[in-house]
Amino acid sequence: MKSGSATINFQSSSKVPVQGHNLQFSCLVVTTSQDVNYDTTWYSPQTSGEFGKCYRQAMFCTGGTMRRQLTADVNGSYLNIQVLNRSLDEGCWRCIYTATGQAQVQADLNVTVFTIPSRLDFTQVPDMDVDLSVTSARLQCTTSGCTYPPPLIQWLTQSQTASSPYEVYKTVNPAVTGGSCVPPEQLYRSTLDLPQNTTWSDNSDKILIFSCRIEYPDSTMNLVTSGSHTITFAVRVTEAFLQLNNQNITSTLIVNSGEPVTLICVTGTSRPDPSIVWYIGSRPMGSETSLTFTPSNTDHNGIIYCQAYNIDPTRKVDSNKPSLFVKVRVTEAYLKQYNQNITSTLTVNSGEPVTLTCVTGTSRPAPTIDWYIGSWSIGTGTSLTFTPSNTDHNEVIFCQVFNIDPNLKVDSNKPRLFVRAAPKILDVSPSYKGYVGQYTMIQFNVNSITQENLTITARHSNTSGIHQGIIQPILLYSIPVNSSQIPTPDFRATIAISIMSENDFGQYVIEVKNIVGFDSKNIQILQQITPEKPFSFHSTNVQEKQLSLRWQAGYNAGYTQTFIVEISLDNITWNNASQVSAGNRDGWFTTVIEDLIPGSEYYFRLYAYNINGRGDFADVQLAIRTFKDVSASAGVGVGEAAGIGVGGIALGLIGAIIVFTIRIHLNGSKSSCFRSKRRTDDAMHSYSNTEMNPQTVKPIYEELSKGNTEPSVYDRISPL
């Protein structure tokens with residue numbers, strides 16, 4: 001037995017066997033044995049037995065007919081059919097390979113005998129190109145001629161671009177239409193209905209040329225309609241977005257309250273035009289492509305968007321949804337204190353901090369706030385804490401605000417400030433003169449913006465007596481402000497103090513008080529008297545050319561007083577030797593007399609004067625002789641052996657008596673050559689012993705008390 005294997009390649013000379021055409025079947029054998037002797041047996045669809053057999057080695061065949069002839073060669077056997085007949089030739093043909101020592105191999109070939117129409121035609125087409133977003137379309141194509149088997153008709157599309165390829169839109173089994181064909185051949189028609197608003201499969205924007213085709217296994221035999229038709233597909237809206245001034249809105253939409261805004265809802269390509277509804281939040285706002293609306297404060301933080309659809313109302317598309325930031329221009333402002341509106345004058349206390357709030361109501365963004373008192377800028381921000389002063393009295397206070405346009409500033413209400421302040425004593429004199437048995441009138445000016453409980457009193461520092469004063473406005477009203485007369489803050493105060501005894505002189509406290517506070521000043525009421533005579537007048541440290549004189553001041557009622565020491569050589573003619581300014585001090589005073597002649601005798605006497613005039617001489621008058629050397633000294637005073645009383649002279653000598661002369665320039669006949677030195681280092685001057693009355697002393701005293709120490713002033717007391 002010979003081994004090996006074989007395969008059969010059973011094929012037709014045409015992929016589309018056509019009725020009446022010739023056809024060849026090939027049963028080709030491929031074997032692994034080169035010297036195998038085999039045969040092939042053919043079976044036809046219409047016979048149950050053999051149709052014929054072919055022998056490889058002999059290369060001849062048996063069986064067949066004149067129309068269906070068998071042939072063979074070294075590669076296999078062949079069946080040639082002339083004028084295909086569907087009833088005889090259509091069906092399953094079989095070729096069987098048989099070889100000694102090998103398995104039998106069988107191959108089948110199923111043959112369909114086609115009847116192909118002469119052409120494929122559009123039988124119903126629209127009059128013009130169809131836009132499916134506007135209307136529907138119906139296309140029909142029909143076989144022209146009988147057709148077998150029933151064909152599959154393909155509806156083809158092609159873009160409008162030249163030479164673009166065909167695409168199969170749809171493959172359908174056509175319907176049989178009437179005709180004179182003999183079954184099973186028939187006339188066939190395919191209908192393509194495109195309803196209105198039909199979209200392309202991916203909803204893309206398509207404008208396509210339609211045709212139809214019958215496709216056969218051999219593409220060279222395909223039939224395509226000679227005509228075509230253009231169809232524009234609908235496009236369902238799938239997106240929407242908002243624009244302002246042709247710019248996409250990508251974030252928060254900032255608008256001004258009360259100012260119209262126009263937005264556009266852009267949907268891109270869509271057919272038909274979509275229906276659009278505008279919303280702010282859930283509130284419908286309009287139904288056009290564009291929306292013009294006037295935002296209000298209630299729209300703030302709301303979302304705005306458009307909603308669009310054009311084919312299926314259940315498939316609505318929302319645009320982007322920016323939130324609204326509604327800018328509200330500030331249009332009003334008012335002041336509050338302690339959460340209460342300030343509706344009239346604002347009463348405050350000088351020096352005490354005050355906090356106010358500027359309330360602007362609804363505004364967005366938060367406004368810029370400036371604070372003013374009058375025309376003075378005093379702060380910024382919602383609240384203001386300031387400390388009022390007297391200069392703020394009667395000024396207006398307000399806040400000024402803006403938040404969108406700095407040229408549109410808004411002022412709040414403008415209450416006038418009433419600054420309550422403690423009174424102020426302006427020009428009271430530190431001292432006054434008085435007489436026992438009379439009233440001393442104390443007058444001065446008072447500034448008191450606050451007039452509630454305004455009183456004035458004077459209280460003696462050593463007694464419990466209180467003197468009540470009276471106050472009167474200097475002017476009843478100040479200059480009108482905004483057609484309103486403002487009460488004056490300036491007053492003239494008068495206190496009449498009764499001087500019943502010397503105990504009523506001395507220091508007083510003047511006090512002016514109102515509901516806010518008080519002011520006080522210390523004054524003195526001085527008895528209008530000349531100084532009492534000094535006492536304890538004596539000498540110390542008598543030397544050859546100088547000596548010291550000491551004494552105590554007498555009562556002076558608090559006036560400023562000056563002491564005059566006079567000198568004489570003969571106790572008859574007197575000249576001024578020293579002047580000591582004591583002010584209003586009490587106690588001990590000392591002066592040094594210099595440039596004396598050693599061993600000479602001098603007389604000294606002492607008095608004081610003030611603005612009211614000259615007092616009496618001290619009870620003691622001194623007679624002193626200077627020493628010839630520093631080891632001796634003499635002093636004469638009350639109670640001493642060498643003292644002299646007023647009206648007589650007693651000369652006591654202690655140690656050596658030195659006679660000296662004093663040059664005295666008196667009335668052009670005598671001259672003096674001595675000088676005095678005070679412990680206080682005041683300037684030293686000489687004076688005449690000419691008597692002075694108060695009318696002479698007073699103007700000189702006033703000049704001296706003012707610090708005028710020119711020699712001409714002293715010359716008016718005693719010219720040298």
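The values are calculated or read from the model by the stated rules, or taken from the named source; none is laboratory data. Just so it is clear, the structure is predicted and the values come from calculations on it, not from any experiment. Reconstructed Cβ throughout: ideal geometry from the backbone, glycine too, with neighbour counts over all protein chains shown.
The stretch 282-326 holds no strands (runs of 3 or more DSSP E) entirely within its bounds that carry 2 or more residues that are crowded, with 18+ Cβ neighbours inside 10 Å, of a type in the set (D, E, K, R) and at pLDDT below 95.
I'd like the residue in the stretch 46-79 that is in contact (Cβ under 8 Å) with a residue 40 or more places away in the chain and surrounded by fewer than 16 Cβ atoms within 10 Å (Cβ to Cβ) and, out of all such residues, is farthest from Gly91 (Cα to Cα).
Here is the first cut: in the stretch 46-79, the residues in contact (Cβ under 8 Å) with a residue 40 or more places away in the chain are 46, 75-79.
Restricting the remaining residues to those that are surrounded by fewer than 16 Cβ atoms within 10 Å (Cβ to Cβ) gives 46, 75.
On the way: Gln46: 8, Asn75: 25 Å.
It comes out as Asn75.
Quick check on the stretch 504-542: of everything there that is among the aliphatic types (A, V, I, L, M), modelled with pLDDT of 90 or more and in a strand (DSSP E or B), which residue is surrounded by the most Cβ atoms within 10 Å (Cβ to Cβ)?
First, pick out the residues of the stretch 504-542 that are among the aliphatic types (A, V, I, L, M): 509-510, 512, 515-516, 523, 525-526, 529, 542.
From what's left, modelled with pLDDT of 90 or more: 509-510, 512, 523, 542.
Narrowing the set further to residues that are in a strand (DSSP E or B) leaves 509-510, 512, 523.
Details: Val509: 14, Ile510: 22, Val512: 27, Ile523: 21.
Among those residues, the one meeting the criterion is Val512.
Can Asn203 be described as on the phi > 0 side of the Ramachandran plot and surrounded by 14 or more Cβ atoms within 10 Å (Cβ to Cβ)?
Yes, satisfied.
Inclusion of Asp127 among residues that are out of contact with any Lys or Arg (no Cβ under 7 Å at 6 or more places or on another chain), of a type in the set (Asp, Glu) and assigned to a loop (DSSP other than H, G, I, E, B) is warranted.
Determine, yes or no, whether Val348 is assigned by TED's automatic domain parsing to the domain that holds Lys409 and crowded, with 17+ Cβ neighbours inside 10 Å. Spelling it out, Val348 is indeed assigned by TED's automatic domain parsing to the domain that holds Lys409 and crowded, with 17+ Cβ neighbours inside 10 Å.
Selection of first residues in the stretch 368-387 that are assigned by TED's automatic domain parsing to the domain that holds Tyr338 and of second residues that are small (Gly, Ala, Ser) and not in a strand (DSSP E or B), restricted to Cβ pairs under 7 Å at least 6 apart or on distinct chains, gives the following pairs, ordered by first then second residue: Ile369/Gly381; Thr387/Gly351. Checking each residue in the stretch 91-104 for being part of a loop (DSSP other than H, G, I, E, B) and either free of Cβ contacts under 8 Å to residues at least 60 places away in the same chain or not assigned by TED's automatic domain parsing to the domain that holds Thr65 (or both) picks out only Gln104.
Output the number of residues of the stretch 162-180 satisfying the condition of being part of a loop (DSSP other than H, G, I, E, B) and under 18 Å from Pro117 (Cβ atoms). Of the residues in that region, 5 qualify.
The residues of the stretch 416-457 that are part of a strand (DSSP E or B), more than 16 Å from Ser501 (Cα to Cα) and in contact (Cβ under 8 Å) with a residue 60 or more places away in the chain, listed by number, are Arg416, Leu417, Phe418, Val419, Arg420, Lys424, Ile425, Ser431, Ile442, Phe444, Val446. Look at (1) closer than 30 Å to Thr225 by Cβ; (2) touching a helix residue (DSSP H, G or I) at 6+ places or on another chain (Cβ under 7 Å); (3) of a type in the set (S, T, N, Q) and you find that Ser133 fails only one, number (2). When Asn341 is tested against (1) assigned by TED's automatic domain parsing to the domain that holds Gln400; (2) surrounded by 19 or more Cβ atoms within 10 Å (Cβ to Cβ), just one condition goes unmet, and that condition is (2).
Applying the selection to the stretch 134-171, what residues are surrounded by fewer than 15 Cβ atoms within 10 Å (Cβ to Cβ) and β-branched (Val, Ile, Thr)? Answer for the stretch 134-171, where residues must be surrounded by fewer than 15 Cβ atoms within 10 Å (Cβ to Cβ) and β-branched (Val, Ile, Thr): Val134, Thr135, Thr161, Val168, Thr171. Considering the stretch 1-80, the qualifying strands (runs of 3 or more DSSP E), each wholly inside and each with 1 or more residues that are at pLDDT 90 or above, over 16 Å from Thr100 (Cα atoms) and aromatic (Phe, Trp, Tyr), run over 23-31, 38-43, 60-63.
Any idea which of Asp131, Asp121, Asp193 is of a type outside the set (Phe, Trp, Tyr) and surrounded by fewer than 12 Cβ atoms within 10 Å (Cβ to Cβ)? So that I can check it myself, show each step before the final result.
Working: Asp131 fails: surrounded by fewer than 12 Cβ atoms within 10 Å (Cβ to Cβ); Asp121 fails: surrounded by fewer than 12 Cβ atoms within 10 Å (Cβ to Cβ).
Step by step, each of Asp131, Asp121, Asp193 is checked, and only Asp193 is of a type outside the set (Phe, Trp, Tyr) and surrounded by fewer than 12 Cβ atoms within 10 Å (Cβ to Cβ).
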